[in-house]
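Take a look at the structure set out below.
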Amino acid sequence: MSLKKIGITVLALIAIFLIYTIAFTEKGIKPIQPEATIPNLDYSALSEEAAKDLQAYIRIATIRGREKEGALFLKSILDKRGIPSRIIEYPGKPDRASLLAELKGKDTTKEGLILTSHIDVVEADAKDWDVPPFSGVRKGARIHGRGAVDVKGLGIMQLHAFLLIHEKKIPLERNLMFLAIADEESRSEHGARFLVDKHKEIFNGYEYVWNEGGTGSKDIAIKGSKVFNIQLAEKGAVWLDLKAKSIPGHGSTPPVSYAAKSMVDFLQEVQNIGNKTMIKDETAAFFYSLGGISNFPDSFVLKRSRNPLLFLILKGVINSNRHLRAMTRNTVSLTGIDSHPIGMNVITSETTGSIDIRILPGQDEKKIFEEVKALGEKYGVEVSARHLESGSISPMDGLLFRVLAGTVTAVEPGSIATPFLSPGTTDSSYLRQIGLKCYGLIPALLSSEEIDGIHGKNESMSVPQLKMGIEILFKSIIEYNHQVAK
């Protein structure tokens, strides 16, 4: 072949690739623009009432326990409105209790909607906080305390939207449930997993769940942006315990291999599991949505995240951001290593450790465990499984997802909705196991500082955020029922 023909062929291939690159874009989401008639309400006044309830709720220190106190508090609010509710206790541990209440729809057999949150919260070290973490103190328009964001704030938003549906006599096409669950922060043994296993009948006739897992954010992804990240997927967990043994020795004459060194060598290699970047449909749609509010050339790249050439550009951005890495990789965190030292100059006979591997939906948790176990054998490290759990996902075209995406952008002009894959797990992972379609959203715009308060210090939520959340929830419930009636 002549040089001329080779040149023409190369140019043709480049032209084809350029045309493909320009023409090909990922698929975005398809929000449902609100159509239902909504009553005019004074959401500011409603949020002030909700704020008082949130303060009282925070003061019940449900630190991985005492959920029954929280459930009884929520029940007292429902009782005042004449709404029947039910408390379900974990056998032998009556303090680990969940609460549910229902408003019946015209058809109780299908497509019901569950509003769920968890009652328990994580620990808080008072010395790190500006105010006592369980005081529920209000300063100006801001309510402070553990659980304000994770996730008692959402629970109060859901409760007040639920109360509005009842008080305004909104006709429901399908059942609506308010469900406050115990024990989410400690793997849900006494909460969601118990309900799914022993009380599965309460979910009969329900299809969709509105839970935590995603948040609205402002000025985080892109400066000036308002983004509602609707969680539709979450990663699975492979939690492994490690142990290496060898003959002890003197620090001055180390052998070629000993327990601590074997463990370190193993841990260095096992981290390679998290080296591969994978962009699935939901993550590609996430980048596409961000492309819609980005300037060129970022917008061009984001809308074509799986294009082989442009992916090389985007990969650099992903590698520099821990949140994007977590959304696109199986991650490996070294959460513990202990050589049980007894003296500076003593090589001990045993080293133990632990690793937290989070896997993308679709990855086989048992296969990854076996891969790590085989790698451990190479280094003389015994690997045992403490907890194996697959990732989970709900459809991006689910009716509730599309209703949420349309409602949030209508309530907050200039905002966008994105599908979001959560690196952590929620109760949704267990509810999806019985076929429920779960979506997670705290429907308020949070700053980076407010999001960092989750499991951190100085957690807080503002009254305007409660107002936005109640409005979005109320309007979404009405719109959802409008859509299922069509």
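The values are calculated or read from the model by the stated rules, or taken from the named source; none is laboratory data. Everything numeric in this text was worked out from a predicted model, so none of it was measured. Cβ placement follows ideal geometry from the backbone for every residue including glycine, while neighbour counts extend to all protein chains displayed. To get the accessible areas, we keep the full protein, side chains included, count just its heavy atoms, and leave off ligands, DNA and RNA. Shrake-Rupley method; radii C 1.70, N 1.55, O 1.52, S 1.80 Å.
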Seminar exercise, completed: per DSSP, antiparallel bridges as share of beta bridges in the chain, % nearest 5, sits at 65 percent
Exercise. How would you rank 88-99, 174-185, 253-264, highest first, on the average number of other Cβ atoms within 10 Å across their residues?
Worked result: 174-185, 88-99, 253-264
For this session: Just tell me, in residue order, which DSSP H segments of the chain are both 27 angstrom or longer along the helix axis (alpha-carbon based) and at least -1.0 in mean Kyte-Doolittle hydropathy.
Result: 3-23, 463-485
Problem set entry | Highest to lowest packing among 224-233, 118-127, scored as the average C-beta count within 10 Å | 224-233, 118-127
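Could you work out how much longer the chain between Ala56 and Arg325 gets when fully extended? Use 0.36 nm per residue separation minus the Cα distance between them, nm to one decimal. Write out the running numbers ahead of the final one.
Numbers: separation 269, 0.36 × 269 = 96.84 nm, distance 3.81 nm.
Extra length from Ala56 to Arg325 when fully extended: 93.0 nm.
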Problem set entry | Extension gain from Lys198 to Glu382, taking 0.36 nm per residue of separation minus the Cα-Cα distance | 62.7 nm
Problem set entry | Mean residue ellipticity (222 nm) of the chain, computed from DSSP H runs ≥ 4 via -39,500 (n - 2.57), nearest 500 | -11500 deg cm²/dmol
Problem set entry | Where labels lie 7 Å past Cα in the beta-carbon direction, separation of Lys110 and Glu350 in nm | 5.8 nm
Problem set entry | Estimated FRET transfer efficiency (Ser333, Ile38; beta-carbon r; R0 51 Å; 0.05) | 0.70
Problem set entry | Total charge dipole magnitude, segment 414-481, about the Cα centre, Cβ charges on Lys, Arg, Asp, Glu only, Debye to nearest 20 | 240 debye
For this session: Using only the alpha carbon atoms of the chain, find the Kirkwood hydrodynamic radius as the inverse mean reciprocal pair distance, in angstroms to one decimal.
Result: 24.6 Å
Seminar exercise, completed: P(r) over all Cα-Cα pairs of segment 91-231, 5 Å bins from 0 to the longest distance, whole percent per bin, short to long, reads 2, 8, 14, 17, 18, 17, 12, 7, 4, 1, 0
For this session: Please list, or write none, the aspartates and glutamates whose alpha carbon is within less than 16 Å of the alpha carbon of Lys68, excluding same-chain residues fewer than 8 places away.
Result: Asp79, Glu89, Asp95, Asp120, Asp183, Glu184, Glu185, Glu189
Exercise. How much of the accessible area of segment 105-244, in percent, comes from carbon and sulfur atoms when a 1.4 Å probe is used?
Worked result: 47 percent
Exercise. Which listed residue (Ala192, Thr328, Ile202) has the Cα farthest towards the positive end of the charge dipole for the chain, taking +1 on Lys and Arg C-beta and -1 on Asp and Glu C-beta about the Cα centre?
Worked result: Thr328
For this session: Check the straight Cα-Cα distances from Lys110 and name the lysines below 19 Å, setting aside those fewer than 8 residues away within the same chain.
Result: Lys200, Lys437, Lys486
Exercise. Among all the lysines, which ones have a C-alpha under 16 Å from Lys218's C-alpha, if same-chain residues fewer than 8 places away are not counted?
Worked result: Lys226
Exercise. Taking 0.36 nm per intervening residue step and subtracting the Cα-Cα distance, what contour gain separates Arg306 from Asp281 on full extension?
Worked result: 8.0 nm
Problem set entry | Estimated inter-spin distance, Ser448 and Ile63, nm [label 7 Å along Cα→Cβ] | 3.0 nm
